[in-house]
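No value in this document is a laboratory result; all are computed from the given coordinates. None of the values given here were measured: they were computed from a predicted structure. Because the Cβ atoms are built from the backbone with ideal geometry, glycine has one as well, and the counts that use them run over all protein chains shown.
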Amino acid sequence: MSAASADKIPTGINGLDEVTGGGLPKGGLIIIAGNPGTGKTLLSAGFLYHGAVNYGEKGIYVSFAESKEAFFRNMRSLGLNFEEIEREGKFRFVDMLTVRGEAVSAVLEMILREVGEFGAKRLVIDSFSAMAQAFREPHEARVILHTILSRVTRLLGCTTLLIVEVPYGENKIGLGIEEFVADGIIHLRRNELEGGRIIRDLEILKMRGAPIYEARNIFTLKGGFKALPPFEARFTEKPSRFNPIPDKGDYFSTGSPNLDEMLGGGYPKGSSVLIEIADPYVSTLQYHLVIYPTIWNFLAQGRGAIIFPSAGIDYSLILRRVKGAGLGDEEINDLLRICVKEYAGLKEAPYIVRCRGVTFSEDYAKCVEVERDIREKTHQPLLHFVGADMLIDTYGQMEALSAIRNHAARVREKGDLYMILVKPGYENISQTLGAFSEVYLKVTRRYGSVLVYGVKPRTPLYALEMDVSRGYFMPKLTQII
Ligand SMILES: Nc1ncnc2c1ncn2[C@@H]1O[C@H](COP(=O)(O)OP(=O)(O)OP(=O)(O)O)[C@@H](O)[C@H]1O
Ligand SMILES: [Mg+2]
């Protein structure tokens with residue numbers, strides 16, 4: 001996280017200070033631009049509200065678009081109590097809905113005097129576009145902008161957000177000169193990702209005094225405006241043992257409360273779960289956040305897990321992950337089985353199942369035997385995990401697909417759980433596998449963020465972050481709306 005510096009003003013909005021390199025230029029003029037409904041008002045409201053509540057800075061909201069009642073009501077539904085900060089003398093709402101022409105300059109003059117007297121440190125004009133329309137000549141609005149706003153910002157040190165409406169269909173801001181006088185420009189966008197899921201990104205086009213490493217970041221309007229900083233891998237400082245989550249009725253918990261909630265309970269018992277990595281730059285750690293809690297959740301409840309790893313994942317990484325969640329040698333020896341293609345020097349261990357990789361039927365027979373042993377020992381459902389890429393590379397695509405399909409039927413019959421991982425380069429098989437899987441998740445990336453969504457059951461998009469607060473890694477999912 002970037003430290004706030006003397007010439008920065010922290011917005012107090014989740015994630016926004018991180019992605020802007022510590023906040024907004026203090027006493028600066030910042031343009032917030034975007035199409036209708038992209039979150040301009042929510043961002044500005046968060047800026048004023050958190051300014052008042054977290055930093056004791058007074059704010060003024062000048063509205064050309066929304067009545068005070070509508071604004072207060074909408075903000076209250078998001079948990080921002082503007083009545084309260086108004087009562088405490090930290091906030092003023094200026095209604096300019098019906099003010100036109102000359103009167104605008106007069107009212108603005110008055111506001112600016114007020115900024116000085118009230119001691120406002122934050123000002124929002126929502127919107128400059130509507131204000132400009134109140135004038136007969138557009139250049140009048142520009143004159144106002146220059147003469148008055150520059151006084152507010154530069155002389156009074158009041159940081160000002162100027163909202164600029166970008167009409168639908170237009171992707172550039174295209175104001176004319178405002179961009180040049182502004183100290184910062186943030187452009188809010190709304191797009192769609194596969195099948196109409198909403199994805200939002202903010203682009204920092206300009207920000208005085210801050211190096212911006214990621215020009216674009218994902219944000220969400222869930223519960224107000226929140227920016228999502230690029231994915232960050234975190235260390236587990238005080239490792240502790242994974243705390244299992246019991247089954248919920250007909251569902252196995254995924255091991256992650258966030259994933260369970262996203263899926264409406266977890267993974268159905270007896271189901272096949274297809275997890276497709278839809279972007280080659282999703283890292284191993286990133287998709288392991290989605291997979292490992294489920295593996296831990298089986299093992300920590302005394303249930304077996306049989307893993308046929310994906311290419312490039314050797315058994316020592318699997319062991320490290322399992323031990324990282326505090327599982328002991330005895331549990332591992334009893335419950336975990338990793339199928340490894342034989343090579344010279346492959347060590348002997350209870351958790352290693354040696355496969356010759358010559359014929360599928362030979363290796364499969366071995367796995368079935370291992371499965372039977374663990375089932376007899378535990379009398380519990382089992383987790384089966386397969387990296388489809390490795391299966392295809394070893395036995396060929398036809399054989400691999402029919403093997404997965406047959407195994408899925410067996411898993412259903414036993415009431416176990418089957419997790420199938422598909423990596424980039426093997427997408428052609430996901431349609432086939434997706435057709436018989438009860439759950440189909442995709443993990444992808446956009447800018448610095450990792451995204452997860454359900455194709456089956458259909459879910460909105462979620463941004464994936466790494467949470468290590470429990471002493472082991474967990475996926476933290478934030479819905480994007
Ligand atoms: N109280 C709320 N609860 C949940 N979602 C909300 C709430 N208020 C707004 N939203 C969502 O945020 C979206 C846009 O919010 P916002 O009003 O900040 O956009 P805007 O860019 O100011 O739009 P406009 O150009 O129309 O003024 C809405 O379309 C809605 O989806
Ligand atoms: Mg608005």
Inset, instruction - Quick one: divide the alpha-carbon radius of gyration of the chain by 2.2 N^0.38 Å and tell me what you get. - result: 1.21
Legend entry - lysines whose Cα lies under 17 Å from that of Lys226, excluding same-chain neighbours fewer than 8 positions away: Lys40, Lys476
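Arranged from highest to lowest average of other beta-carbon atoms within 10 Å per residue, in what order do the peptides 361-372, 452-463, 10-21, 207-218 appear? Kindly include the intermediate steps, with their values, before the conclusion.
Values: 361-372: 14.2, 452-463: 19.3, 10-21: 22.4, 207-218: 17.0.
The packing order, highest mean first, is 10-21, 452-463, 207-218, 361-372.
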Inset, instruction - Mark the label point 7 Å from the Cα of Glu114 along Cα→Cβ and return the residues of region 142-162 whose backbone N is within less than 20 Å of it. - result: 144-162
Legend entry - Linear extension gain, Asp393 paired with Ile481, 0.36 nm per residue minus alpha-carbon span: 27.8 nm
Inset, instruction - Evaluate the distance, in nm, between pseudo-label points positioned 7 Å from the Cα of Arg100 and of Ala435 along their respective Cα→Cβ axes. - result: 6.4
Inset, instruction - Please give, to one decimal in nm, the separation of the simple spin-label points placed at Thr236 and Glu330, each 7 Å out from Cα toward the Cβ. - result: 2.0
Inset, instruction - Kindly rank 33-39, 235-241 from highest to lowest mean number of other beta carbons found within 10 Å of each residue. - result: 33-39, 235-241
Legend entry - Dipole of region 8-228, positive direction: furthest Cα of His146, Ala106, Leu29, with charges on the beta-carbon: Leu29
Inset, instruction - Could you tell me which of Ile313, Tyr267, Leu464 has its Cα farthest along the dipole of region 251-479 towards the positive end, charges placed at Cβ (Lys, Arg +1; Asp, Glu -1), taken about the Cα centre? - result: Leu464
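Expected output is a single nm value to one decimal: the length gained when fully extending between Arg375 and Glu261, i.e. 0.36 nm times separation in residues minus the C-alpha distance. What is it?
Details: separation 114, 0.36 × 114 = 41.04 nm, distance 2.90 nm.
Gain in length upon complete extension: 38.1 nm.
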Legend entry - Helical contribution to [θ] at 222 nm, DSSP H n ≥ 4, -39,500 (n - 2.57), averaged over the chain, rounded to 500: -9500 deg cm²/dmol
Inset, instruction - Take each of the peptides 304-317, 187-200, average the number of other beta-carbon atoms within 10 Å over its residues, and list them starting from the highest. - result: 304-317, 187-200
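Shape verdict for region 8-228, please, from the Cα gyration tensor: rounded (a/c under 1.5), prolate (a/b greater than b/c) or oblate.
rounded
How much length is gained if the chain between Glu348 and Ala70 is pulled fully straight, taking 0.36 nm per residue apart and subtracting their Cα-Cα distance, in nm to one decimal? Walk me through the intermediate numbers first.
On the way: separation 278, 0.36 × 278 = 100.08 nm, distance 6.97 nm.
Full-extension gain reported as 93.1 nm.
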Legend entry - Alpha-carbon Rg with Dmax, taken over region 386-481, Å: 15.5, 44
Inset, instruction - Would you list, by chain and number, the lysines whose Cα falls below 18 Å from the Cα of Lys377, excluding same-chain residues fewer than 8 positions away? - result: Lys366, Lys414
Inset, instruction - For region 251-479, just the Cα set please: Rg and Dmax, both in angstrom. - result: 16.5, 48
